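First comes the structure, then the notes that go with it.
The values are calculated or read from the model by the stated rules, or taken from the named source; none is laboratory data. Because the structure is a prediction, the values reported are computed rather than measured. Glycine gets a Cβ as well: all are built from the backbone with ideal geometry, and neighbour counts include every protein chain shown. Accessible surface areas use protein heavy atoms only, side chains included; no ligands, DNA or RNA. Shrake-Rupley method; radii C 1.70, N 1.55, O 1.52, S 1.80 Å.
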Amino acid sequence: EATTSLKPPTSDALIEIAHEALLDGWSRLRGWVDDARDDIRAQRRLAAAAVEWERNGLDPSFLLRGARLDQTKAWEEATTLAISKVDRTFLDESLAVQRAALERERALERRSIRRLRSLVGICVAAALVATTLTVIAVAQRGRAEDGAREARARELAATALAQLGTDTERALLLAIEAVETTRAVDGTVLRDAEEALHRAVGAS
(Lines give C-alpha, C1' and ligand atoms only; values in the text may rest on other atoms or scores of the structure.)
Protein backbone atom coordinates (compact mmCIF):
# COMPACT_ATOMS: atom_id res chain seq x y z
CA GLU A 1 0.00 0.00 0.00
CA ALA A 2 1.43 3.29 -1.07
CA THR A 3 1.58 6.12 1.44
CA THR A 4 2.37 9.79 0.83
CA SER A 5 4.42 11.57 3.46
CA LEU A 6 4.35 15.35 3.77
CA LYS A 7 7.64 16.52 5.19
CA PRO A 8 7.73 19.96 6.82
CA PRO A 9 10.16 22.39 5.20
CA THR A 10 13.58 22.46 6.72
CA SER A 11 14.79 25.35 8.77
CA ASP A 12 17.11 26.39 5.94
CA ALA A 13 14.17 26.73 3.55
CA LEU A 14 12.23 28.82 6.06
CA ILE A 15 15.19 31.15 6.53
CA GLU A 16 15.57 31.60 2.81
CA ILE A 17 11.87 32.46 2.31
CA ALA A 18 11.91 34.91 5.21
CA HIS A 19 15.08 36.49 3.86
CA GLU A 20 13.53 37.01 0.41
CA ALA A 21 10.39 38.53 1.91
CA LEU A 22 12.49 40.85 4.03
CA LEU A 23 14.56 41.94 1.04
CA ASP A 24 11.39 42.54 -0.99
CA GLY A 25 9.81 44.72 1.68
CA TRP A 26 13.00 46.46 2.71
CA SER A 27 13.20 48.67 -0.39
CA ARG A 28 9.67 49.94 0.25
CA LEU A 29 10.42 50.41 3.93
CA ARG A 30 13.61 52.25 3.11
CA GLY A 31 11.69 54.56 0.74
CA TRP A 32 9.17 55.33 3.47
CA VAL A 33 11.95 56.02 5.95
CA ASP A 34 13.76 58.31 3.50
CA ASP A 35 10.56 60.23 2.77
CA ALA A 36 9.78 60.55 6.46
CA ARG A 37 13.35 61.65 7.15
CA ASP A 38 13.12 64.44 4.53
CA ASP A 39 9.75 65.46 5.95
CA ILE A 40 11.15 65.63 9.46
CA ARG A 41 14.19 67.59 8.31
CA ALA A 42 11.93 70.17 6.63
CA GLN A 43 9.84 70.42 9.80
CA ARG A 44 12.95 70.91 11.94
CA ARG A 45 14.29 73.60 9.61
CA LEU A 46 10.98 75.46 9.86
CA ALA A 47 10.93 75.11 13.65
CA ALA A 48 14.55 76.30 13.97
CA ALA A 49 13.84 79.36 11.80
CA ALA A 50 10.72 80.14 13.85
CA VAL A 51 12.67 79.90 17.11
CA GLU A 52 15.36 82.22 15.73
CA TRP A 53 12.67 84.69 14.69
CA GLU A 54 11.11 84.68 18.17
CA ARG A 55 14.52 84.91 19.83
CA ASN A 56 15.22 88.11 17.90
CA GLY A 57 12.03 89.83 18.89
CA LEU A 58 10.01 88.93 15.77
CA ASP A 59 12.45 90.87 13.61
CA PRO A 60 11.10 90.78 10.00
CA SER A 61 14.63 90.28 8.66
CA PHE A 62 14.55 86.72 10.10
CA LEU A 63 11.44 85.74 8.12
CA LEU A 64 11.63 83.32 5.20
CA ARG A 65 12.00 84.83 1.75
CA GLY A 66 12.40 83.92 -1.89
CA ALA A 67 13.02 80.33 -2.93
CA ARG A 68 13.31 79.13 0.67
CA LEU A 69 9.85 80.45 1.46
CA ASP A 70 8.41 78.93 -1.72
CA GLN A 71 9.92 75.53 -0.88
CA THR A 72 8.62 75.67 2.69
CA LYS A 73 5.14 76.62 1.52
CA ALA A 74 5.10 73.72 -0.97
CA TRP A 75 6.26 71.34 1.76
CA GLU A 76 3.60 72.62 4.19
CA GLU A 77 0.86 71.99 1.64
CA ALA A 78 2.04 68.42 0.97
CA THR A 79 3.14 67.18 4.40
CA THR A 80 1.06 65.09 6.81
CA LEU A 81 3.11 66.17 9.82
CA ALA A 82 1.54 68.48 12.36
CA ILE A 83 2.87 72.05 12.46
CA SER A 84 3.08 73.87 15.75
CA LYS A 85 1.27 77.13 16.34
CA VAL A 86 4.56 79.05 16.49
CA ASP A 87 5.73 77.52 13.20
CA ARG A 88 2.38 78.30 11.60
CA THR A 89 2.52 81.92 12.77
CA PHE A 90 6.07 82.24 11.50
CA LEU A 91 5.19 80.82 8.08
CA ASP A 92 2.02 82.93 7.78
CA GLU A 93 3.94 86.07 8.69
CA SER A 94 6.60 85.25 6.07
CA LEU A 95 3.90 84.79 3.44
CA ALA A 96 2.18 88.03 4.46
CA VAL A 97 5.43 89.98 4.10
CA GLN A 98 5.99 88.36 0.71
CA ARG A 99 2.49 89.33 -0.45
CA ALA A 100 2.99 92.90 0.77
CA ALA A 101 6.30 93.12 -1.09
CA LEU A 102 4.67 91.80 -4.28
CA GLU A 103 1.85 94.30 -3.93
CA ARG A 104 4.36 97.15 -3.52
CA GLU A 105 6.18 95.98 -6.63
CA ARG A 106 2.92 95.87 -8.57
CA ALA A 107 2.00 99.35 -7.31
CA LEU A 108 5.40 100.68 -8.38
CA GLU A 109 4.99 99.01 -11.75
CA ARG A 110 1.54 100.54 -12.22
CA ARG A 111 2.90 103.94 -11.17
CA SER A 112 5.79 103.61 -13.61
CA ILE A 113 3.39 102.69 -16.41
CA ARG A 114 1.23 105.74 -15.63
CA ARG A 115 4.29 107.99 -15.61
CA LEU A 116 5.50 106.49 -18.86
CA ARG A 117 2.11 107.08 -20.46
CA SER A 118 2.10 110.67 -19.20
CA LEU A 119 5.60 111.18 -20.54
CA VAL A 120 4.61 109.75 -23.91
CA GLY A 121 1.58 112.06 -23.96
CA ILE A 122 3.76 115.08 -23.16
CA CYS A 123 6.26 114.09 -25.86
CA VAL A 124 3.47 113.68 -28.42
CA ALA A 125 1.98 117.06 -27.46
CA ALA A 126 5.43 118.69 -27.65
CA ALA A 127 6.00 117.12 -31.06
CA LEU A 128 2.65 118.44 -32.29
CA VAL A 129 3.42 121.91 -30.96
CA ALA A 130 6.87 121.83 -32.56
CA THR A 131 5.39 120.68 -35.88
CA THR A 132 2.75 123.41 -35.75
CA LEU A 133 5.34 126.06 -34.95
CA THR A 134 7.52 124.81 -37.79
CA VAL A 135 4.62 124.99 -40.23
CA ILE A 136 3.79 128.51 -39.03
CA ALA A 137 7.41 129.58 -39.28
CA VAL A 138 7.73 128.17 -42.78
CA ALA A 139 4.50 129.87 -43.83
CA GLN A 140 5.62 133.18 -42.33
CA ARG A 141 8.99 132.90 -44.01
CA GLY A 142 7.25 132.14 -47.31
CA ARG A 143 5.03 135.19 -46.92
CA ALA A 144 8.04 137.31 -46.03
CA GLU A 145 9.90 136.09 -49.11
CA ASP A 146 6.85 136.71 -51.29
CA GLY A 147 6.56 140.22 -49.87
CA ALA A 148 10.24 140.88 -50.52
CA ARG A 149 9.94 139.67 -54.12
CA GLU A 150 6.87 141.80 -54.73
CA ALA A 151 8.61 144.83 -53.26
CA ARG A 152 11.63 144.15 -55.49
CA ALA A 153 9.41 143.78 -58.55
CA ARG A 154 7.61 147.07 -57.80
CA GLU A 155 10.94 148.81 -57.27
CA LEU A 156 12.22 147.53 -60.63
CA ALA A 157 8.98 148.54 -62.35
CA ALA A 158 9.15 152.05 -60.88
CA THR A 159 12.79 152.40 -61.96
CA ALA A 160 11.90 151.19 -65.45
CA LEU A 161 9.17 153.85 -65.74
CA ALA A 162 11.60 156.48 -64.50
CA GLN A 163 14.10 155.50 -67.24
CA LEU A 164 11.59 155.75 -70.09
CA GLY A 165 12.41 159.36 -70.87
CA THR A 166 16.18 158.93 -70.83
CA ASP A 167 17.12 155.32 -71.61
CA THR A 168 14.38 153.20 -73.15
CA GLU A 169 16.63 150.17 -73.58
CA ARG A 170 17.50 150.16 -69.90
CA ALA A 171 13.83 150.74 -69.03
CA LEU A 172 12.87 147.66 -71.09
CA LEU A 173 15.47 145.49 -69.33
CA LEU A 174 14.33 146.68 -65.90
CA ALA A 175 10.67 145.99 -66.77
CA ILE A 176 11.54 142.47 -67.96
CA GLU A 177 13.43 141.85 -64.70
CA ALA A 178 10.45 143.15 -62.71
CA VAL A 179 8.19 140.65 -64.48
CA GLU A 180 10.60 137.71 -63.99
CA THR A 181 11.17 138.46 -60.31
CA THR A 182 7.79 136.98 -59.38
CA ARG A 183 6.90 134.93 -62.47
CA ALA A 184 9.99 132.70 -62.17
CA VAL A 185 9.00 131.72 -58.60
CA ASP A 186 5.21 131.28 -58.57
CA GLY A 187 4.11 132.17 -62.08
CA THR A 188 2.46 135.45 -61.08
CA VAL A 189 3.15 138.89 -62.57
CA LEU A 190 2.48 142.12 -60.69
CA ARG A 191 0.25 144.67 -62.38
CA ASP A 192 2.97 147.36 -61.87
CA ALA A 193 5.58 145.19 -63.60
CA GLU A 194 3.23 144.31 -66.47
CA GLU A 195 2.35 147.99 -67.04
CA ALA A 196 6.01 149.00 -66.94
CA LEU A 197 6.85 146.34 -69.50
CA HIS A 198 4.04 147.44 -71.87
CA ARG A 199 5.13 151.07 -71.66
CA ALA A 200 8.79 150.18 -72.14
CA VAL A 201 7.98 148.08 -75.20
CA GLY A 202 5.86 150.89 -76.61
CA ALA A 203 8.60 153.43 -76.06
CA SER A 204 11.36 151.26 -77.44
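Solvent-accessible surface of the range 103-174, taken per residue with a 1.4 Å probe and all protein chains present: 77 Å².
Among the protein heavy atoms, those of residue 93 account for about 80 Å² of accessible surface (1.4 Å probe, every chain in place).
Farthest towards the positive end of the charge dipole of the range 89-131, among the residues 129, 108, 119, is the Cα of 129, using unit charges on the Cβ of Lys, Arg, Asp and Glu. Summing +1 for each Lys or Arg and -1 for each Asp or Glu among the other residues whose beta-carbon sits under 13 angstrom from that of residue 160 gives -4. Taking packing as the residue-averaged number of other Cβ atoms within 10 angstrom, the listed peptides 105-118, 142-155 run from highest to lowest as 142-155, 105-118. Just how far, in whole angstrom, is the range 46-88 from the range 103-145 if you go by their alpha carbon centroids? For the range 103-145 versus the range 46-88, the Cα centre distance is 51 Å.
Rg to Rh ratio, the range 100-177, alpha-carbon atoms and Kirkwood radius?
Ratio value, two decimals: 1.70.
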